[in-house]
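No lab work stands behind these numbers, since they all come straight from the coordinates. As the structure is a computational prediction, the values presented were derived from the model and not from experiment. Cβ placement follows ideal geometry from the backbone for every residue including glycine, while neighbour counts extend to all protein chains displayed.
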Amino acid sequence: MAYELKKFSNLNVVTNSIDIIRIIKDFPGITAYLVGGIVTEGYDLTGKLALDGISQFYTDYAFLSCSGITADKGIMGNDPYRQAIQQAMIKNSDTPIVLCDTSKAGKKTLLSVASLDDVAYVVMETSPDSPELVRTLGKKLITASDSSPATYPLQAPPVSAT
C-alpha cells in the first residue's frame with residue numbers, strides 16, 4: 001500500500017514502520033513522521049515510546065493490519081505492543097481501515113484489537129468464505145473487485161500506518 005501513496009500530494013504519513021518510511025521518504029508532497037520505540041525483527045517500532053508517539057497524532061485515515069478477524073471477536077492480533085499502538089491509531093483516526101487478506105477471516109488469535117464497529121472499512125483481496133463475517137461487515141467490506149469510486153474511501157488526507 002505504501003507505494004500507492006506516491007499518487008497523492010500534500011499528505012502527512014505517521015507510522016511506526018521503518019519499511020514504510022524507506023518506501024515513502026522521497027515521494028514528493030509527502031511529509032513522513034516516524035515515531036520512536038524498540039525496533040522489532042519486522043522493522044516496526046513498538047513499546048511505550050512508539051505508543052506515546054502515535055498517540056500525539058490525529059489523522060483522517062489510519063491503515064492497520066491484523067492477525068485475524070471474526071464476526072463476533074472483531075479485529076484480532078498477537079502482539080500486545082502492536083495491539084496498543086493499533087488501538088491508539090483507531091481512537092485518533094476519523095476513518096480506521098483494516099487491510100486484511102482472506103486467510104485471516106474466521107481466525108481468532110491471542111488479543112482483541114477492536115470490534116468491527118470501531119473500524120470504518122475492512123479491505124480484502126476477495127470476499128471471505130465466512131457468510132457471517134460478510135453479513136456483519138456489510139458495506140464496510142471492500143474487496144479488490146470493488147472498482148467503483150464510491151466504494152473507495154480515500155481522498156488523500158493525512159494518514160497513519162502500521
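Per residue of the chain, the DSSP helices (runs of n ≥ 4 H) give a summed -39500 (n - 2.57) that works out to -6000 deg cm²/dmol at 222 nm.
Express as a percent, rounded to the nearest 5, the fraction of DSSP beta bridges in region 8-147 (both residues included) that run antiparallel. Intermediate results must be reported in sequence, preceding the final value.
Details: 9 of 26 bridges.
Beta bridges within region 8-147, antiparallel portion: roughly 35 percent.
Pairs spanning more than 21 Å between alpha-carbon atoms, out of LYS104/LYS140; LYS73/LYS139; LYS6/LYS107; LYS7/LYS91; LYS104/LYS139; LYS91/LYS140: LYS6/LYS107; LYS7/LYS91.
Please list the three semi-axes, largest first and in whole Å, of the ellipsoid equivalent to region 1-68, using sqrt of 5 times the eigenvalues of its alpha carbon gyration tensor. Before the final figure, lay out each step's value.
Numbers: eigenvalues 80, 36, 30 Å².
Output for region 1-68: semi-axes of 20, 13, 12 Å.
Dipole magnitude for the chain: computed about the Cα centre from +1 point charges on Lys and Arg Cβ and -1 point charges on Asp and Glu Cβ, it is near 60 debye.
Summary value for the chain: 24 percent relative contact order, contacts being C-alpha pairs under 8 angstrom separated by 6+ residues.
Take the convex hull of the alpha carbons in the chain; its mean projected area over all directions comes to 8.8 nm². If R0 is taken as 41 Å, the Cβ-Cβ distance between ASP129 and ILE18 corresponds to a FRET efficiency of 0.75. Length available on full extension from ASN78 to LYS91: 0.36 nm per residue minus the Cα-Cα distance, which gives 2.7 nm.
Going by neighbour counts of Cβ atoms within 10 Å, the residues MET89, MET76, MET124, MET1 line up, fewest first, as MET1, MET76, MET124, MET89.
Taking 0.36 nm per residue of sequence separation and subtracting the Cα-Cα distance, how much length would be gained by fully extending the chain between TYR3 and THR143, in nm to one decimal? Could the numbers behind the result be given before it?
Values: separation 140, 0.36 × 140 = 50.40 nm, distance 1.86 nm.
Between TYR3 and THR143, full extension yields an extra 48.5 nm.
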